[in-house]
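Below: one structure, written as structure tokens.
The values are calculated or read from the model by the stated rules, or taken from the named source; none is laboratory data. Note that the structure is predicted; figures quoted are calculated from it, not measured. Here the Cβ positions follow ideal geometry from the backbone for every residue, glycine too, while neighbour counts run over all protein chains shown.
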Amino acid sequence: MKSSNPLLVLLLRHEETLNPEGRLYGQEEVSLSETGRRRTEALVERLCRFPVRAVYGSDLSRSAYGAQRLAALTGAPLRLTPDLREIDFGAWTGRTFAELLKIPEFRLRLSDPEALAPPGGETLAELAQRALGVLTEIRREFSSGLVVIFGHGGLNRALLCRLLELPLRRFFSLEQRPGAVNLLVFYPEASPLLALFNAPSDLDLGPYLDYYGIGAHPYRRP
């Protein structure tokens with residue numbers, strides 16, 4: 001479907017972090033790896049070619065790094081918010097996947113993630129609600145153009161489930177690799193359109209954005 005002046009939202013997952021043991025960091029800080037930082041910078045350079053109207057991001061540094069760089073280079077307004085943080089893993093925060101597999105409740109959550117929340121943590125419904133709140137704010141402020149969100153794997157999955165009207169028990173069916181790129185298209189007369197899903201961050205976005213009327217500007221970097 002194609003009509004005039006849609007709102008395009010690039011929903012991104014942060015790149016690789018310094019996490020060799022595979023710990024669940026959730027809302028705790030963990031730095032991007034050298035590779036993750038380099039790939040983030042390369043993505044930002046490519047996005048500078050396009051007329052970005054606003055940049056939103058989690059206030060956790062692994063996502064905020066790209067959001068801050070993109071806003072600084074394009075002059076687009078920036079909003080970092082805890083509402084775009086990863087899910088709160090509660091008592092499971094900082095533990096490795098191997099450690100968590102010994103916990104029956106964790107194993108149950110893998111098969112039915114909607115069934116329970118981590119002890120002292122957040123349900124998927126709560127995660128989806130705060131993500132949707134930010135998206136509602138974006139759609140209220142912008143009816144067209146390109147907005148970029150730097151998010152997290154779990155947050156992106158929960159938001160996509162809600163937008164595509166999938167039950168949250170399908171949460172783990174939606175892959176979000178480090179650096180995943182998702183393109184959402186919003187027409188006033190139609191349901192949300194998922195035009196790109198879990199694409200690699202080095203994908204040439206030009207043809208996809210141009211199709212929806214967001215062309216590159218030759219005077220922009222790079």
Out of all the residues in the range 180-194, is one or more farther than 26 Å from Thr35 by Cα, at pLDDT below 95 and hydrophobic (A, V, I, L, M, F, W, C)?
yes
Could you list, in sequence order, the residues of the range 154-210 that are polar (S, T, N, Q) and more than 23 Å from Leu24 (Cβ to Cβ)?
Ser191
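Say we look at the range 98-114 and pick out the residues that are of a type outside the set (Asp, Glu) and under 14 Å from Gly154 (Cβ atoms); which of these is surrounded by the most Cβ atoms within 10 Å (Cβ to Cβ)?
Taking the range 98-114 first, the residues of a type outside the set (Asp, Glu) are 98, 100-104, 106-111, 113.
Pick out the ones that are also under 14 Å from Gly154 (Cβ atoms) and you get 109-110, 113.
Values: Arg109: 20, Leu110: 11, Pro113: 22.
Across the range 98-114, the extreme among qualifying residues is Pro113.
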Only unsatisfied item for Glu99, checking (1) more than 30 Å from Leu70 (Cα to Cα); (2) part of a loop (DSSP other than H, G, I, E, B), is (2)
Just checking, does the range 183-190 include any residue being without any contact (Cβ under 8 Å) to a residue 24 or more places away in the chain and among the hydroxyl-bearing types (Ser, Thr, Tyr)?
no
I'd like the full set of residues that are within 17 Å of Gly26 (Cβ to Cβ), in contact with a helix residue (DSSP H, G or I) (Cβ under 7 Å, 6 or more places away or on another chain) and in a helix (DSSP H, G or I), limited to the range 121-141.
Leu124, Ala125, Leu127, Ala128, Arg130, Ala131
Quick one: Asp83 ticks every box in (1) of a type outside the set (Phe, Trp, Tyr); (2) farther than 22 Å from Leu174 by Cβ; (3) without any contact (Cβ under 8 Å) to a residue 60 or more places away in the chain; (4) in a helix (DSSP H, G or I) except a single one, so which number is it?
(2)
Does the range 145-156 hold any residues that are in a helix (DSSP H, G or I), within 8 Å of the chain's Cα centre (by Cα) and of a type outside the set (A, V, I, L, M, F, W, C), and which are they?
Gly153, Asn156
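Let's see how each residue does on (1) under 23 Å from Glu141 (Cα atoms); (2) modelled with pLDDT of 95 or more; (3) outside any helix (DSSP H, G or I); (4) of a type in the set (Val, Ile, Thr):
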{"site": "Glu15", "(1), (2), (3), (4)": "no, yes, yes, no"}
{"site": "Gly36", "(1), (2), (3), (4)": "no, yes, no, no"}
{"site": "Ser63", "(1), (2), (3), (4)": "yes, yes, no, no"}
{"site": "Ile87", "(1), (2), (3), (4)": "no, yes, yes, yes"}
Within the range 66-91, which residues are touching a helix residue (DSSP H, G or I) at 6+ places or on another chain (Cβ under 6 Å) and among the aromatic types (Phe, Trp, Tyr)?
none
Single match in Gln129, Gln176 (criterion: in contact with a strand residue (DSSP E or B) (Cβ under 9 Å, 6 or more places away or on another chain) and either under 22 Å from Arg85 (Cα atoms) or crowded, with 17+ Cβ neighbours inside 10 Å (or both)):
Gln176
